[in-house]
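Structure first, commentary second.
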Amino acid sequence: MDTLLQARIFDTAEAPAADRLALWLEVVAQTPAPMRVRTAHADNFLARAEFLDLGPMRLVRYRYPSLDGIRTRKLIRRSDADYYVLALTLNGTGITDQDGQRGVCSPGDFTFFDCARPQEISHHADDGQAAASLVALIPYDALPLPHRRLRPLFSSRIPGGEGVGALLAGYLSRIIGHPEQYHAVDAERLGTVGLDLVTTLLGRHLVSEEAIPTEVRRRALLAQVQAYVRQHLGDATLAPGTIAGARHISVRSLHRLFEDEETTVAAYIRDERLARCRRDLADPALSDRSIQVIAARWGFRDKAHFSRVFRAAQGETPQEYRARHLEPARIVNSTASAVNLSRTY
């Protein structure tokens, strides 16, 4: 059986209140960006960190009380500092200062900085709320952009509510939020896709996007197109023309994009729709929904056409697939009911 992705979790709630801040600082000291921290919650520092390695980069989702931090040259010399950090504010207001630049980030905003340079941060949330952020730690050599070109972006606010920013925010949040939905062998590929989106996001905020390698731009565009398709699977009129128009590219360019993936636009749409149908057909909570309703939900408006496509892909009819997957659930439920009935009597 394939191993699933699993985050490593550190939670200070498992330690006595008096030890929590010291334990937190020990954990932060093991990252590429240790800091000196000041906080009004030193006597009971309830914080949590979730670490997830994705090949070329590492994700960390933090939750902590309001704090201020400073990264000095002395701390930099003690750490492996050849890293960039792209941080997404999840809750509270984050303020960063580096190289004379200052960024103020609200929830949904990114900021970007260099671990090898001194920095100050302030992250405060409303009373009674924890501050939270999602951080991507990226080695210098994993980001295919010239280091000197990136300096104007340090500590800048990068919106994450639309376009590539929104796609990246959703992508990283989905992975760190549900790593169990992915296989460990896919970690490298997931990290590469994430890096492509990071590179594209940063490139959009440079003077010119020519700094972004052609292959990175292609893969990032593919990720955007695939995200658009997944969001519109229920639209029976979804077609190459509408997809290309939404991404402001030609239909020919769209087809060429999928040729490099050894598939077609139509095949990708069909496979994604079938995947959603299989999921719903095997879900006991949806057993009262007809097969036709499930098929229509994911863009198959013609029942006969859906049956033919499904059988060609699965080697069995939708009815047979549903019966095979729901029967074990019925047996379990029947057994549980019998046990409960015997206990009643």
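The values are calculated or read from the model by the stated rules, or taken from the named source; none is laboratory data. Just so you know, these numbers come straight off a predicted model, no measurement behind them. With ideal geometry, Cβ positions are generated from the backbone for all residues, glycine too; neighbour counts draw on all protein chains shown. Side chains included, ligands, DNA and RNA excluded: accessible areas come from the protein's heavy atoms. Shrake-Rupley method; radii C 1.70, N 1.55, O 1.52, S 1.80 Å.
Quick one: with all protein chains in place, what share of the accessible area of the chain is carbon or sulfur, to the nearest percent (1.4 Å probe)?
Ligands and nucleic acids excluded, carbon and sulfur reach 50 percent.
About the Cα centre, and with charges only on the beta carbon of Lys, Arg (+1) and Asp, Glu (-1), how big is the dipole of the stretch 24-151? Nearest 20 debye, please.
It works out to roughly 440 debye.
How many angstrom lie between the C-alpha centres of the stretch 137-187 and the stretch 273-294?
33 Å
Identify, among A169, V251, L274, the residue whose Cα sits farthest towards the positive end of the charge dipole of the chain, taking +1 on the Cβ of Lys and Arg and -1 on the Cβ of Asp and Glu, with the dipole about the Cα centre.
Highest projection toward the positive end goes to V251.
Just the number please: accessible area per residue for the stretch 12-160, 1.4 Å probe, all protein chains included, in Å².
Value returned for the stretch 12-160: 46 Å² of accessible area per residue.
Step by step: find N for the stretch 1-81, compute 2.2 N^0.38 Å, then divide the Cα radius of gyration by it. What's the final number?
For the stretch 1-81, the normalised Cα radius of gyration comes out at 1.22.
Going by average Cβ density within 10 Å per residue, which order do the peptides 98-107, 166-175 take, highest to lowest?
166-175, 98-107
Using unit Cβ charges (K, R positive; D, E negative) and no other charged atoms, how large, in debye to the nearest 20, is the dipole of the stretch 100-162 about its Cα centre?
420 debye
Largest first and in whole Å, give the semi-axes of the stretch 158-253's equivalent ellipsoid, each being the square root of 5 times a Cα gyration tensor eigenvalue.
Result for the stretch 158-253: semi-axes of 21, 20, 13 Å.
Skip the ligands, DNA and RNA, and give the accessible area per residue of the stretch 248-327 with a 1.4 Å probe, whole Å².
59 Å²
Quick check: the distance between the Cα centres of the stretch 57-109 and the stretch 240-266, to the nearest angstrom?
38 Å
Are there DSSP H segments in the chain that both extend 20 Å or more along their axis (alpha-carbon positions) and score a mean Kyte-Doolittle hydropathy of at least 0.5? List them, or say none.
Qualifying helices, which must be both long enough and hydrophobic enough, are 163-177, 187-204.
Ignoring everything except DSSP H segments at least 4 long, calculate the 222 nm mean residue ellipticity for the chain; use -39,500 (n - 2.57) per segment, divide by total residues, nearest 500.
Only helices count here, giving -13500 deg cm²/dmol.
Using the charge dipole of the stretch 20-82 (Lys, Arg: +1 at Cβ; Asp, Glu: -1 at Cβ; taken about the Cα centre), state which of F51, Q30, A81 has its Cα farthest towards the positive end.
A81
Taking the Cα centre of the stretch 124-223 as the origin, how large is its charge dipole in debye, to the nearest 20, when only Lys and Arg (+1) and Asp and Glu (-1) carry charge on their Cβ atoms?
380 debye
Report, as a whole number in µm² per second, the diffusion coefficient that Stokes-Einstein gives for the chain at 20 °C and 1.002 mPa s using the Kirkwood radius over alpha carbon pairs.
My calculation gives 93 µm²/s for D.
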